[in-house]
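Reviewing the structure listed below.
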Amino acid sequence: MSHEPRSREEFADFLRDLHEEFRARGHEWENNTLGDFLEALAAWVHDSPGAYKNAGERLPPGGDWAFMARALHTATLYE
């Protein structure tokens with residue numbers, strides 16, 4: 001599973017792979033409930049500049065935060 005998708009299609013593939021991994025081994029995840037997962041996601045997004053710095057990398061500039069927010073929110077009702 002590539003952790004650096006370069007297109008919307010690759011990101012959709014990444015999410016499908018992540019879902020498949022959860023179905024297979026979700027019980028092993030640290031954050032295996034939706035509440036824990038969303039809390040950890042928010043914490044990591046907030047702390048991501050430091051995470052990138054500690055890894056000796058630069059945080060990617062820009063990013064479409066509105067797209068990500070819309071995608072996450074719409075997933076609460078999308079079939």
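The values are calculated or read from the model by the stated rules, or taken from the named source; none is laboratory data. Predicted, not measured: the structure shown is a model, and the values here were computed from it. Cβ: placed from backbone, ideal geometry, glycine included. Neighbour counts: every protein chain shown. All accessible areas refer to the heavy atoms of the entire protein, side chains included, with ligands and DNA or RNA removed. Shrake-Rupley method; radii C 1.70, N 1.55, O 1.52, S 1.80 Å.
Quick check on segment 55-64. Is at least one of its residues open to solvent by 80 Å² or more (accessible area, probe 1.4 Å) and assigned to a helix (DSSP H, G or I)? Lay out the reasoning, then the answer.
As a first pass, look at segment 55-64 and keep what is open to solvent by 80 Å² or more (accessible area, probe 1.4 Å): 57-58, 61, 64.
Within this subset, residues satisfying the condition of being assigned to a helix (DSSP H, G or I) are none.
Looking through segment 55-64, none of the residues is open to solvent by 80 Å² or more (accessible area, probe 1.4 Å) and assigned to a helix (DSSP H, G or I).
Which numbered condition trips up Leu59, out of (1) over 25 Å from Arg6 (Cβ atoms); (2) among the aliphatic types (A, V, I, L, M); (3) touching a helix residue (DSSP H, G or I) at 6+ places or on another chain (Cβ under 7 Å)?
Checking Leu59 against (1) over 25 Å from Arg6 (Cβ atoms); (2) among the aliphatic types (A, V, I, L, M); (3) touching a helix residue (DSSP H, G or I) at 6+ places or on another chain (Cβ under 7 Å), the one that fails is (1).
Of all residues being open to solvent by 60 Å² or more (accessible area, probe 1.4 Å) and not basic (Lys, Arg) in segment 70-79, which is nearest to Phe11 (Cα to Cα)? Just the residue, please.
Out of the qualifying residues, it is Leu72.
Residues checked against (1) among the charged types (D, E, K, R); (2) surrounded by 11 or more Cβ atoms within 10 Å (Cβ to Cβ); (3) modelled with pLDDT under 95; (4) part of a helix (DSSP H, G or I):
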{"residue": "Arg6", "(1), (2), (3), (4)": "yes, no, yes, no"}
{"residue": "Glu10", "(1), (2), (3), (4)": "yes, yes, yes, yes"}
{"residue": "Phe14", "(1), (2), (3), (4)": "no, yes, yes, yes"}
{"residue": "His19", "(1), (2), (3), (4)": "no, yes, no, yes"}
{"residue": "Phe22", "(1), (2), (3), (4)": "no, yes, no, yes"}
{"residue": "Arg25", "(1), (2), (3), (4)": "yes, no, no, yes"}
{"residue": "Val45", "(1), (2), (3), (4)": "no, yes, yes, yes"}
{"residue": "Ser48", "(1), (2), (3), (4)": "no, yes, yes, yes"}
{"residue": "Ala51", "(1), (2), (3), (4)": "no, yes, yes, yes"}
